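Scroll down for the structure; my scribbles are underneath it.
The values are calculated or read from the model by the stated rules, or taken from the named source; none is laboratory data. Everything numeric here is computed off the predicted structure, so don't read it as measured data. Don't worry about glycine lacking a Cβ; one is built from the backbone with ideal geometry, like all the others, and counts go over all protein chains shown.
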Amino acid sequence: MTDLSNFYPIQSNEILREYLDVYMPLIIFGLKQYGVNLNTSKIHGDHLGLQVLSKDEFDKCHELLLQISDLIHDNIIHNRRNRVYRFKEIPKSNGITIPRIEIFEPKPNADISKLRPGIEHIAFTVDDYDAFANEFKRRDMPIDKEVISDDGYSFLKTIFINGVEIEFGNHELGE
């Protein structure tokens with residue numbers, strides 16, 4: 001039986017806040033090096049992205065998340081389950097609230113040894129995504145991926161900054 005506490009800080013609101021209290025200052029510091037201030041009215045906390053390593057872990061994390069959140073979106077994306085939950089008690093750390101969490105299974109045929117279980121990314125929405133993305137690129141910030149989808153959802157994701165990818169988008173996940 002997998003001990004989920006090794007990778008997934010979702011057993012309680014307190015553990016989740018402790019996790020955020022450790023990582024949020026590192027993210028804030030890393031982004032400040034590129035001139036991005038998360039504590040502005042134009043950037044809003046959106047969600048945590050939780051990578052699991054198997055269908056079994058997905059199901060176990062789902063049960064844990066139902067204790068501290070409500071399921072608001074359930075879908076199959078890239079041939080894998082993807083769910084979004086809204087926290088019953090929205091965690092806040094360093095002045096930033098993160099109201100949702102997304103959980104996803106590995107993609108089919110993924111090399112599990114190359115995946116990083118646990119909180120894979122922290123996502124934010126920005127009021128003017130196009131201007132933000134252009135400024136992000138102008139400052140040579142470390143972009144791993146940018147997606148501009150046909151349905152109007154756009155986002156970019158950094159390479160790891162202090163152990164976590166940071167995502168900026170134009171849309172609240174699951175809403």
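Looking at the stretch 87-110 only, could you name the residues that are of a type in the set (A, V, I, L, M, F, W, C), in a loop (DSSP other than H, G, I, E, B) and either modelled with pLDDT under 95 or surrounded by 15 or more Cβ atoms within 10 Å (Cβ to Cβ) (or both)? Can you show your working first?
The first filter runs over the stretch 87-110 and keeps only residues of a type in the set (A, V, I, L, M, F, W, C), leaving 87, 90, 96, 98, 101, 103-104, 110.
If we keep only those that are in a loop (DSSP other than H, G, I, E, B) too, we end up with 90, 98, 110.
Residues satisfying the conditions are Ile98, Ala110.
Among the residues of the stretch 111-144, how many are farther than 30 Å from Ile15 by Cα, at pLDDT below 90 and either under 12 Å from the mean Cα position of the chain (by Cα) or not in a helix (DSSP H, G or I) (or both)?
3
This table checks each residue for (1) in a loop (DSSP other than H, G, I, E, B); (2) free of Cβ contacts under 8 Å to residues at least 60 places away in the same chain.
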| site | (1), (2) |
| --- | --- |
| Tyr8 | yes, no |
| Arg17 | no, no |
| Leu20 | no, no |
| Met24 | no, no |
| Asn37 | yes, yes |
| Asp46 | no, no |
| Leu65 | no, yes |
| Ile72 | no, no |
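Taking the stretch 37-70 on its own, how many of its residues are within 15 Å of Phe168 (Cβ to Cβ) and at pLDDT 90 or above?
Count: 8.
Which of the residues that make up the stretch 134-175 are crowded, with 18+ Cβ neighbours inside 10 Å and over 20 Å from Ile28 (Cα atoms)?
Leu173, Gly174
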